[in-house]
1. If we keep just the residues of the stretch 20-39 that are of a type in the set (D, E, K, R) and within 19 Å of the chain's Cα centre (by Cα), which is surrounded by the fewest Cβ atoms within 10 Å (Cβ to Cβ)?
2. Looking at S83, S49 in this structure, which one is under 15 Å from the mean Cα position of the chain (by Cα), modelled with pLDDT of 95 or more and hydroxyl-bearing (S, T, Y)?
3. Of the residues E25, E33, which single one is closer than 18 Å to V117 by Cα, of a type in the set (D, E) and either at pLDDT below 95 or not in a loop (DSSP other than H, G, I, E, B) (or both)?
4. Of all the residues that make up the stretch 127-139, how many are surrounded by 13 or more Cβ atoms within 10 Å (Cβ to Cβ) and in a helix (DSSP H, G or I)?
5. Applying the selection to the stretch 1-16, what residues are touching a strand residue (DSSP E or B) at 6+ places or on another chain (Cβ under 8 Å) and either of a type outside the set (A, V, I, L, M, F, W, C) or in contact (Cβ under 8 Å) with a residue 40 or more places away in the chain (or both)?
6. Could you identify the single residue in S67, S43 that is among the small types (G, A, S), closer than 23 Å to V13 by Cα and at pLDDT 95 or above?
7. Are there any strands (runs of 3 or more DSSP E) wholly within the stretch 41-126 with 2 or more residues that are of a type in the set (A, V, I, L, M) and buried (at least 18 other Cβ atoms within 10 Å of the Cβ), and if so which?
Amino acid sequence: MEKFQRPAIAASVTDMELELLGPEEVDAIDLIELRVDHFKDLSDDYILSVFKRAEGMRKPVIATIRSHKEGGERFIDDDRRISIIGLIADHADLVDVEAREPIFDEARCIIKDKGKVLVGSFHDFQGTPSFNELTVFVMEFMKGGQT
């Protein structure tokens with residue numbers, strides 16, 4: 001995957017929105033984030049077909065299967081989220097998993113085994129944590145071996 005020398009622009013899209021990305025839009029972005037929790041169909045075949053279409057756009061792909069409690073569009077149980085991560089790991093360059101979710105360590109192992117990048121995201125819908133709060137979170141997270 002390309003390393004960017006500037007902030008990268010990601011288009012966060014659903015399966016239906018991916019179809020709307022034309023050549024001009026694809027040229028204007030650096031990455032495609034596929035929000036699997038917004039897909040109309042969660043069957044393995046359908047998910048893979050969407051990821052293969054995104055791969056054809058020749059941009060790095062971020063896979064996100066957000067949990068419902070962290071802003072996901074729909075409820076997908078943890079076992080299914082892990083199953084989907086295993087399914088798409090060969091077709092995504094990065095996989096975004098909430099750092100506080102119970103599936104994080106298992107997802108980390110899958111992603112590491114595939115040689116991909118894991119994005120450990122953190123969401124606080126009540127406000128923006130202070131720099132000190134975030135620093136403590138990162139330090140505790142790293143102590144737990146969850147890096």
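The values are calculated or read from the model by the stated rules, or taken from the named source; none is laboratory data. Note that the coordinates shown come from a computational prediction; the quantities given were computed from them, not determined experimentally. Cβ: placed from backbone, ideal geometry, glycine included. Neighbour counts: every protein chain shown.
1. Let us first name the residues in the stretch 20-39 that are of a type in the set (D, E, K, R), namely 24-25, 27, 30, 33, 35, 37.
Keeping just the survivors that are within 19 Å of the chain's Cα centre (by Cα) gives 30, 33, 35, 37.
On the way: D30: 14, E33: 20, R35: 20, D37: 21.
Top of the filtered list is D30.
2. Working: S49 fails: under 15 Å from the mean Cα position of the chain (by Cα).
Step by step, each of S83, S49 is checked, and only S83 is under 15 Å from the mean Cα position of the chain (by Cα), modelled with pLDDT of 95 or more and hydroxyl-bearing (S, T, Y).
3. Numbers: E25 fails: closer than 18 Å to V117 by Cα.
Criteria check complete, one pass: E33.
4. Step one: list which residues in the stretch 127-139 are surrounded by 13 or more Cβ atoms within 10 Å (Cβ to Cβ), which gives 129, 134, 137-138.
Subset that is in a helix (DSSP H, G or I): 134, 137-138.
Final tally of qualifying residues: 3.
5. Kept after step one, since they are touching a strand residue (DSSP E or B) at 6+ places or on another chain (Cβ under 8 Å), are these residues of the stretch 1-16: 1, 8-15.
Selection gives M1, A10, S12, T14, D15.
6. Testing whether each residue is among the small types (G, A, S), closer than 23 Å to V13 by Cα and at pLDDT 95 or above leaves just S43.
7. Values: elements: 61-64, 94-98, 117-121.
Filter on the stretch 41-126 gives 61-64, 94-98.
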